[in-house]
Amino acid sequence: MFGKLLVIMLVNAGFYAPGGDHRQAFGAAAQSDAAGDVRSRSLKDRQQKYNSIFPINTPDEILEPLLEEVGVWDADVELYVGDVAKQPIRKTGVQTNRLVSKGRYMLNDFRYIDGSYEGTGLWGWDAYDNRYSGIWMDGDHYLVRHDVGYYDRASKTMHWEADTLQTDGVTTRLRITQHFAGATRTFQMDRMDASTGTFTKLIFMKFTKRAD
């Protein structure tokens, strides 16, 4: 009786077909799950694991990208929005970045010189999830963007990902890459078209640090 019930359950689950090769069906499902796992780990694989929520066991090197960002920076901005023939739209801005909460977290204040945009960010190392985490808010939307980030020390590059909305209200994905080069740094944000899965450039900024 138990054997019959087990067969029925496997048939309903799609893992067993009478007269067929149930091992092949099960293997195909496992391969599909494995492929999904690989995609979900594509960003997480860059993570450096410290496995501790206790500050005494968390190395100061996690502060490296925050220290790279400290200061007042002038920004040359390219926006890839609206009419393609008129892209990029060019703006200039200024970003003031300072460490807060005993120097463990970064507070970003960014605005365009013409006053058309202003945003605020807060990010740092999240020892609970063993990764960098941040939020971003601006004066144009009633949204709080939640970012997940990993730092590549060899290339001095921060990689961020976040969920956001398309103009039609459909949830999509953002990818942000920020490269540090001393007194200059670059920032690029790419947005995914939810219908095709294709990422295209949305914003590119080059920052130049002001002398202290």
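The values are calculated or read from the model by the stated rules, or taken from the named source; none is laboratory data. Since this is a predicted model, take the numbers as computed values, not measurements. All Cβ positions, glycine included, derive from the backbone under ideal geometry; neighbour counts span all protein chains shown. Please note that ligands, DNA and RNA were not included when accessible areas were found on the heavy atoms of the full protein model with its side chains. Shrake-Rupley method; radii C 1.70, N 1.55, O 1.52, S 1.80 Å.
Residue farthest toward the positive end of the dipole of region 63-212, with Cβ of Lys/Arg at +1 and Asp/Glu at -1: which of TYR112, VAL100, ALA194?
So the residue furthest toward the plus end is VAL100.
Would you check the accessible area of LYS86, probe 1.4 Å, heavy atoms only, in square angstrom rounded to 10?
We get 150 Å² for LYS86.
Could you tell me which of rounded, prolate or oblate describes region 160-203, using a ≥ b ≥ c as the square roots of the eigenvalues of the alpha-carbon gyration tensor, with rounded for a/c under 1.5 and, failing that, prolate when a/b is larger than b/c and oblate otherwise?
Prolate, because a/c is 1.5 or more and a/b exceeds b/c.
Which FRET efficiency value, to the nearest 0.05, is calculated for ASP140 and SER195 with the Förster distance at 25 angstrom and r the Cβ-Cβ distance?
Once the sixth-power term is evaluated, E becomes 0.55.
Accessible area of ASP129, 1.4 Å probe, to the nearest 10 Å²?
For ASP129, solvent-accessible area is about 70 Å².
At a 1.4 Å probe, what is the % contribution of carbon and sulfur to the accessible area of region 133-212?
Percent of accessible area from carbon and sulfur atoms in region 133-212: 53.
Leaving ligands, DNA and RNA out of it, rank MET192, MET106 by accessible area with a 1.4 Å probe, largest first.
The ordering from most to least exposed comes out as MET192, MET106.
Not counting ligands, DNA or RNA, and with a 1.4 Å probe, what is SER155's accessible surface area in Å² rounded to the nearest 10?
Near enough 40 Å² of accessible area.
Using only Cα atoms, locate the centre of region 159-176 and the centre of region 101-128, then give the distance between them in Å, rounded to an integer.
19
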